[in-house]
Amino acid sequence: MKDTDRFEFLLRFGDSALVLAQRLSEWVGKGPIVEEDIALTNVGLDLVGQARMWLSCAGEVEGRGRDEDALAFRRDAHEFRNALLVEQPNGGYADTMARQFLFDHWHLLALKAMEGSRDERVAAIAAKSAKEVAYHVERSTDWVIRLGDGTDVSHERMQDAIDGLWMFAGELLLPDAVDDAAARAGIGPDLAALASPWREAVGAALAEATIAVPADDWAQRGGRQGRHTEHLGHLLAELQFLQRAYPGAQW
Amino acid sequence: MYAQLVDTGLKKVVDPAEMTPEERAFQARVDADVKVEPKDWMPDAYRRTLVRQIQQHAHSEIVGMLPEGNWVTRAPTLKRKAILMAKIQDEGGHGLYLYSAAETLGVSRDDLIDDLHAGKVKYSSIFNYPTLNWADIGAIGWLVDGAAIMNQIPLCRCSYGPYARAMVRICKEESFHQRQGFDIMLSMCRGTPEQKAMAQDSLDRWWWPSLMMFGPPDAESVHSAQSMRWKIKLLSNDELRQRFVDQTVPQAEFLGLTVPDPALRWNEERGHHDIGPIDWSEFQDVLRGHGPCNRDRLRTRKQAWEDGEWVREAAMAHARKRAERAARAAA
């Protein structure tokens with residue numbers, strides 16, 4: 001696998017973790033109950049930690065002296081490789097949990113597949129992250145079920161959330177040349193092979209939640225290739241403010 | 001402090017001669033440093049005062065997440081972001097232990113939260129000040145958490161068991177928070193001129209409000225005297241404030257920052273720093289709701305609670321459904 005492809009491949013995991021963590025940190029102090037505030041921050045904290053590992057690794061592979069912060073704070077939107085799903089705004093609690101749920105299930109499958117990566121560092125990061133993400137899956141799945149099979153209001157909100165986000169979930173399972181190269185090299189997961197277990201796990205949870213699986217499977221693509229929704233630029237403007245306003249400062 | 005001007009509901013300190021036998025026995029146990037536990041008999045005024053004190057403290061932890069949340073999305077490095085998220089998470093945890101400690105006194109968390117939202121109880125005045133630059137996150141750790149620790153370390157020995165035990169754990173985490181705050185200040189002060197200016201601006205704005213956290217001089221206060229008798233307050237406001245000043249001034253000097261008090265000087269005779277007069281009218285204004293952020297902080301908390309109502313209801317409804325299904329399956 002070429003180093004440029006390997007760099008791209010690492011950014012995809014690092015950027016998705018970073019962008020989702022940023023979204024979760026927007027919830028600080030505003031959760032529906034203190035326990036949830038703590039839990040959301042905890043998940044966000046795990047993802048920041050994972051982003052740091054992936055981005056540090058990416059910076060080393062790239063070999064241009066960029067560290068985790070240079071990559072996180074000094075790239076523009078088109079250079080980000082996160083999935084479109086994770087940059088979608090928080091919305092209400094159902095939207096945040098549905099986004100988390102769709103991502104977490106994919107994230108765990110991808111990380112598990114990478115535990116046996118031929119790249120030892122990738123394998124180590126994946127193994128550490130998978131332990132954390134297993135808990136994320138449990139939590140977001142519980143919430144999808146609770147809200148789906150809760151009150152009429154919560155059911156409607158969860159159904160709307162799943163309907164609205166479904167088109168962004170598809171790209172997680174659609175490999176491109178970089179994914180194929182990573183899979184062939186035994187470094188990354190075979191994304192297409194994750195589709196069936198993902199559908200099974202997500203489908204089972206949605207059934208328990210009494211939420212209908214959206215009929216339209218059309219997938220909006222582009223995030224992992226650097227073509228984003230309008231939301232990412234605003235997210236980065238906030239995330240990167242200090243590093244952009246005071247270049248060269250140490251914090 | 002995180003709990004300020006806690007009212008005991010009493011007009012004078014209870015005279016031992018007027019105590020009932022139960023009250024005398026209670027006071028004797030407190031005097032002997034025996035911890036009061038939830039099921040023990042306690043005077044109503046002791047119970048009420050503790051509920052007020054603990055809930056003010058709990059609300060302060062929860063409201064205190066907001067000024068830091070204002071910068072968590074703009075933390076300048078991933079390491080700083082991770083540390084700040086961990087710190088905010090700790091604060092939520094402190095709120096939970098404290099609500100639990102209050103609940104051992106026979107109140108419910110939901111009622112306490114309703115009281116906060118109705119403006120019936122306060123949280124610390126300090127959280128009504130804004131965080132305007134990144135150094136404020138350092139200053140909150142260094143000064144605000146530093147001031148909180150001054151008060152909370154003695155409270156680890158307070159007479160009420162659940163509160164004292166919650167404090168032990170909280171203090172451990174707070175001392176980490178204070179160190180990370182100082183570390184932010186240190187980086188800023190060793191940084192560019194703009195960063196140093198942010199640090200100075202931050203100290204200028206947070207110094208006096210931090211000193212006000214300890215509350216007005218209370219040597220004459222009936223409430224403080226009674227709370228000290230009950231050992232739910234262990235040192236006077238001025239003693240705690242003096243300790244804080246003596247600890248913090250050399251740290252400011254180390255950072256190369258100027259404490260915004262022209263009257264500040266070392267008093268060789270007393271072995272303490274003298275400070276200039278504190279503007280207590282500002283403190284009273286903030287308590288009356290006229291601080292820079294009172295309105296925003298309370299609105300944000302109320303909004304979060306109202307926005308979350310359907311979520312809490314759904315969780316309860318789902319739990320009921322599960323219980324019903326389990327009961328049907330067992331039948």
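Rule-based calculations on the coordinates, nothing more; no lab input. As the structure is a computational prediction, the values presented were derived from the model and not from experiment. All Cβ positions, glycine included, derive from the backbone under ideal geometry; neighbour counts span all protein chains shown.
Out of everything in the range A:220-234 that is part of a helix (DSSP H, G or I) and closer than 26 Å to A:D179 by Cα, what residue ends up being farthest from the other protein chains (Cβ to nearest Cβ)? The extreme case among them is A:Q225. Once the range A:113-151 is narrowed to residues that are part of a helix (DSSP H, G or I) and among the basic types (K, R), the residue that is surrounded by the most Cβ atoms within 10 Å (Cβ to Cβ) is A:R146. For the range A:234-251, name all the residues that are touching an Asp or Glu at 6+ places or on another chain (Cβ under 8 Å) and without any contact (Cβ under 8 Å) to a residue 40 or more places away in the chain. Hits for the range A:234-251 are A:Y246, A:A249.
Just for the range A:48-63: of the residues that are small (G, A, S) and at the interface with chain B (Cβ under 7 Å from one of its Cβ atoms), which one is nearest to A:R81 (Cα to Cα)? Lay out the reasoning, then the answer.
From the range A:48-63, those small (G, A, S) are A:49, A:51, A:56, A:58-59, A:63; that's our starting set.
Checking the rest, the ones that are also at the interface with chain B (Cβ under 7 Å from one of its Cβ atoms) come to A:49, A:51.
Details: A:G49: 18, A:A51: 12 Å.
Of everything passing the filter in the range A:48-63, A:A51 is nearest to A:R81 (Cα to Cα).
Would you tally the residues in the range A:194-233 being in contact (Cβ under 8 Å) with a residue 60 or more places away in the chain and not basic (K, R)? Step through it out loud before you land on a result.
Looking only at the range A:194-233, we keep the residues that are in contact (Cβ under 8 Å) with a residue 60 or more places away in the chain, and these are A:194, A:197-198, A:201-202, A:205-206, A:208-211, A:220-229, A:231-233.
Subset that is not basic (K, R): A:194, A:197-198, A:201-202, A:205-206, A:208-211, A:220, A:222-223, A:225-226, A:228-229, A:231-233.
Summing the residues that are in contact (Cβ under 8 Å) with a residue 60 or more places away in the chain and not basic (K, R) in the range A:194-233 gives 21.
In the range B:275-300, the qualifying residues are those that are in contact with a Gly (Cβ under 8 Å, 6 or more places away or on another chain) and within 14 Å of chain A (Cβ to nearest Cβ), and the one that is farthest from B:G215 (Cα to Cα) is B:T300. Does B:A323 count as more than 8 Å from chain A (Cβ to nearest Cβ), free of Cβ contacts under 8 Å to residues at least 60 places away in the same chain and in a helix (DSSP H, G or I)? So B:A323 fits the description; yes. For the range B:86-113, a residue qualifies if it is more than 14 Å from chain A (Cβ to nearest Cβ), surrounded by fewer than 16 Cβ atoms within 10 Å (Cβ to Cβ) and either within 23 Å of B:N294 (Cα to Cα) or β-branched (V, I, T) (or both), and exactly one does: B:D111. Does any residue of the range A:152-169 turn out to be buried (at least 21 other Cβ atoms within 10 Å of the Cβ), within 18 Å of the chain's Cα centre (by Cα), more than 14 Å from every other protein chain (Cβ to nearest Cβ) and under 21 Å from A:L10 (Cα atoms)? Checked against the condition, which is being buried (at least 21 other Cβ atoms within 10 Å of the Cβ), within 18 Å of the chain's Cα centre (by Cα), more than 14 Å from every other protein chain (Cβ to nearest Cβ) and under 21 Å from A:L10 (Cα atoms), the range A:152-169 yields at least one hit.
Search the range B:48-77 for residues that are at the interface with chain A (Cβ under 8 Å from one of its Cβ atoms) and part of a loop (DSSP other than H, G, I, E, B) and pair each with any residue that is acidic (D, E) and crowded, with 24+ Cβ neighbours inside 10 Å when their beta-carbon atoms are under 8 Å apart and the residues are at least 6 apart or on different chains. Within 8 Å, no pair qualifies.
This table checks each residue for (1) away from chain B (no Cβ under 12 Å); (2) acidic (D, E); (3) in contact (Cβ under 8 Å) with a residue 12 or more places away in the chain; (4) part of a helix (DSSP H, G or I).
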site: A:M1; (1), (2), (3), (4): yes, no, yes, no
site: A:F7; (1), (2), (3), (4): yes, no, yes, yes
site: A:V28; (1), (2), (3), (4): no, no, yes, no
site: A:D46; (1), (2), (3), (4): no, yes, yes, yes
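Taking every residue in the range B:110-121 that is without any contact (Cβ under 8 Å) to a residue 24 or more places away in the chain and pairing it with any residue that is surrounded by 13 or more Cβ atoms within 10 Å (Cβ to Cβ), at least 6 positions away or on another chain, yields no pair with a Cβ-Cβ distance below 7 Å. For the range A:188-223, the set of residues classified as surrounded by fewer than 15 Cβ atoms within 10 Å (Cβ to Cβ) and under 22 Å from B:R322 (Cα atoms) consists of A:G203, A:A204, A:A207, A:E208, A:T210, A:A212, listed by residue number. Of the helices (runs of 4 or more DSSP H) lying entirely inside the range B:148-230, those containing at least 2 residues that are over 27 Å from B:D261 (Cβ atoms), without any contact (Cβ under 8 Å) to a residue 60 or more places away in the chain and among the hydrophobic types (A, V, I, L, M, F, W, C) are B:161-189.
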